[in-house]
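The values are calculated or read from the model by the stated rules, or taken from the named source; none is laboratory data. None of the values given here were measured: they were computed from a predicted structure. Every residue, glycine among them, receives a Cβ derived from its backbone with ideal geometry; neighbour counts consider all protein chains shown. Side chains included, ligands, DNA and RNA excluded: accessible areas come from the protein's heavy atoms. Shrake-Rupley method; radii C 1.70, N 1.55, O 1.52, S 1.80 Å.
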Amino acid sequence: MFKNYFKIALRNIGRHKAYAASNITGLAIGIASCLLLFMVVRYELSYNSFEPNYKNIYRVVTEDDHADGMEYTPGVPFPVLEAFRTKFPGFTTGALFASFGSQVTVLGNDGSNTIPAKKFIEETGFAFCDPQFFEVFHHKWLAGSPAVLKEPNTTVLTQKMAEKYFGDWKKAVGSLLKLDNAATVKVAGILQDGPANTDFPMGIVSSYETAKANADVYGYTADYGNTTSNFQVFMLLPPNVQISNINQQLAQFSKQQYDTKKSGKRQHILQPLSEVHFDSRFGAFADHTTNKSTLWTLSLIGAFIIIMACINFINLSTAQAVRKSKEVGIRKVLGSTRPQLFMQVMSETALIVIVAIVLAAGIALLCLPYIKHIASIQEPLSLINPQTGLFLLAMLLLVTFLAGLYPALILSGFQPVLALKNKITSATVGGISLRRGLVVTQFAISQVLIIGTIVAITQMNYVRTADLGFNKEAVFNINVNADSTLHARQPAFKQKVLQIPGVQAISFSSDVPSSENNWSGNFSFDHKPDEKFDIYRKAADEDYFKTYGLQLVAGNVYSKSDTTNEIVVNETLVKKLGVKSPNDVIGKELRSGRSGWNTIVGVVKDFKTNSLREAVKPLMLFERRDRYNVTGVKIKSPNLAKTQAAVEAAWNEYFPEYAYTSSYMDDSIAEFYKQEEQLALLYKIFAGIAIFISCLGLYGLVSFMSLQRTKEIGIRKVLGASVQNIIYLFSKEFTVLIIVGFLVAAPVAYYMMGNWLKNFVFRISIDVWVFVTAIVASLVIAWATVGYKSIKAALRNPVDSLKTE
């Protein structure tokens, strides 16, 4: 019986190829879109879940409650590690101390010779761990064991990094590396490459004792007052432990350990590993975190798209139902029952959906290489896996049910007498009101996506063109983990670079003006007690202001010095101190942390200290040569590449043992908003898909209407109606539907995009022109879609129309 259903379904599809092609196209695009979104969401949700102890691993994080709000840090002070092991002896506690932009130099077997070509800058995956870390997190060892990390000057590599440095990972064991031109370490183990969906990427892992032995390079300190995001502590708890009890003990520990009278209350809490990838307050070592609301948005877009594809199918199927009425009547006269006709229609729907799924899988396969442009997924994804198979099976069942149920009920319910006499009308097929409602739904969804696209693009344009308070154009930065040797050569290097044609200025600093760095601490002003908020710090030489185009509003730049004597603060700090005029702080003294008192000599105009998601921070700029890890070079030349090459040559002349790596300032700032740019691109793509599917649905409805109103159109033409009148008749109908859809979509889109914009402190407002653009675009697209079928109906010979039964 089912074989017969599918045989008849194949014949019907072959007889009505245009109808089938429209349905298959709409469904295939909708299912392919859902499949790609499903893969992205599933990948993001899979972060860290491969860990055997996934549900029992917690990160110890820090909350600082200041007078002006909460501040969150994923790291803890260094001595907290041993304190926790003493306080919680029954738990396994491991530490991960990451270093970014560190240099690895491959040495000869005896360590005496450096191979010039073997210098690498590792932006991620460079870390220090103790053996206990590998008791918390699972890693497979190809050689060695965690015990090798007990001693200083030992390191382990992943298989990928070992092959990068030595060609063959088996040759790596026993070889020597030099880290940041400071520590010579021996490769004592090899780790199997871990999955890419981890928030703690590993590449080169040295012993924690190595970092402690080179405290001046890596900033290790036993002072509880210093906290860095790079040093993170993890605890593996036994099952069924009450986390609230542990947090209470941590609160008591924090109260005893920290002086809450200074700038606020500090407390450590446990954060489940399952939340690390989705909590943007704390961040992670991976290249991104993903807010769960973003994943819900992606899932909702996928649901919207598949609903629109099903609506499109229903519209086209009901339009086709009138043509099938005589066939249904004959089948009923010959003895077919309603259940049999119902199953026949559902079988035809299932066959179309199966073809659409096969086509969708092909579309998705072609799109997979480009998925990295709409999501932060760099590793190749595969369609062939059980999860994808289950998803496509669910799509088959769901889409067949949603798309086929209504047409099957309508067709199987035709009265045979009416069907045989061709008396099936729009009223018989359930009226046109349902299809109107479906079109309204389609255009409401598409207009939500259109409005979202406009808002996202406008906000990202604002971000790209916003006044950051400094000049980011034609400034490139050289980043290196500097030491005393490099610092000693910096003055001579500076003079050399200034002689290069096209170089306007050069500056050394701890940080560029706008970054994700949040080096901060307590401070006091004008010999008063500590303020109730922290001050943020950037160490920079006297040419920092000229290189980046920073403007002073009061006083002057500090004079040249290797140590901190004078400081410059920003306008935000002046305002938060309650001082009325910037000039009033000139000559006052400020003390940061445990340093001495320093004189404020200038106030710089506010510039964006971080991304536009955050407010401008209260800031102090000061000179301190041992903190200069960033070299900023401002160039103005018709041949930027030639000038940059000359700077690189000078670098290699003065710093031959340091690898050269540079990036332009504007490219670095663009990285801040990579996920937002991807979301804006995603809105563009899926708004286009939604519009396309809407147009298919609209075409189906106008086909249905023109078929049902054939005789009416003929009578109107006989009575004098022009072609323009007939076109207006159809256009008016759909214009009203689109306006109704817009009225539904506008408040939904305003709410959704308003919430998204809250991620930015500096943001656009959603103005009326956004909604006007959306409705005008929808109307133009709809009129263009309706126009072809309307003109065809209007030009039809009224004699032929009046002969229609």
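Could you tell me which residue of region 363-381 is modelled with the highest pLDDT, considering only residues that are surrounded by fewer than 15 Cβ atoms within 10 Å (Cβ to Cβ) and in contact with a helix residue (DSSP H, G or I) (Cβ under 8 Å, 6 or more places away or on another chain)? Checking each candidate, the answer is PRO380.
Here is a yes/no grid of residues against (1) surrounded by 20 or more Cβ atoms within 10 Å (Cβ to Cβ); (2) modelled with pLDDT under 90; (3) under 30 Å from LYS642 (Cα atoms):
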site	(1), (2), (3)
PHE414	yes, yes, no
ILE424	yes, yes, no
THR428	no, yes, no
ARG435	yes, yes, no
VAL439	yes, yes, no
SER446	yes, yes, no
ILE454	yes, no, no
GLN459	yes, no, no
ILE478	yes, no, yes
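Just to check your reading of the model, which residue among ALA646, ALA615 is more than 25 Å from SER561 (Cα to Cα) and not in a loop (DSSP other than H, G, I, E, B)?
Checking each option against the conditions leaves just ALA646.
In region 440-493, of all residues being closer than 22 Å to SER561 by Cβ, touching a residue at least 24 places away in the same chain (Cβ under 8 Å) and outside any loop (DSSP other than H, G, I, E, B), the one that is farthest from the chain's Cα centre (by Cα) corresponds to ALA492.
Under the condition of being touching a helix residue (DSSP H, G or I) at 6+ places or on another chain (Cβ under 8 Å) and outside any loop (DSSP other than H, G, I, E, B), the residues counted in region 653-664 number 3. Kindly list, by first and then second residue, each pair from a residue in region 739-764 that is free of Cβ contacts under 8 Å to residues at least 40 places away in the same chain to a residue that is open to solvent by less than 40 Å² (accessible area, probe 1.4 Å), limited to pairs with Cβ atoms under 7 Å and residues at least 6 apart or on different chains. Filtered contacts from region 739-764: GLY754/ILE766.
Here is a yes/no grid of residues against (1) of a type in the set (D, E, K, R); (2) in contact with a Lys or Arg (Cβ under 9 Å, 6 or more places away or on another chain); (3) surrounded by 14 or more Cβ atoms within 10 Å (Cβ to Cβ):
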site	(1), (2), (3)
GLU589	yes, no, yes
GLY596	no, no, no
VAL604	no, no, yes
LYS608	yes, no, yes
PRO618	no, yes, yes
ARG625	yes, no, yes
ALA645	no, no, no
GLU653	yes, yes, no
THR661	no, no, yes
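Could you tell me whether region 192-202 includes any residue that is over 27 Å from ASN48 (Cβ atoms) and surrounded by fewer than 16 Cβ atoms within 10 Å (Cβ to Cβ)? No: region 192-202 contains no residue that is over 27 Å from ASN48 (Cβ atoms) and surrounded by fewer than 16 Cβ atoms within 10 Å (Cβ to Cβ). With respect to the stated conditions, ASP216 fails to be touching a residue at least 60 places away in the same chain (Cβ under 8 Å), charged (D, E, K, R), open to solvent by 30 Å² or more (accessible area, probe 1.4 Å) and farther than 21 Å from PHE100 by Cβ. The requirement of being of a type outside the set (Ser, Thr, Tyr), crowded, with 18+ Cβ neighbours inside 10 Å and touching a helix residue (DSSP H, G or I) at 6+ places or on another chain (Cβ under 7 Å) is fulfilled nowhere in region 482-491; no residue meets it. ASP767 fulfils the conditions (1) closer than 29 Å to VAL616 by Cα; (2) in contact with a Leu (Cβ under 8 Å, 6 or more places away or on another chain) except for a single criterion, (2).
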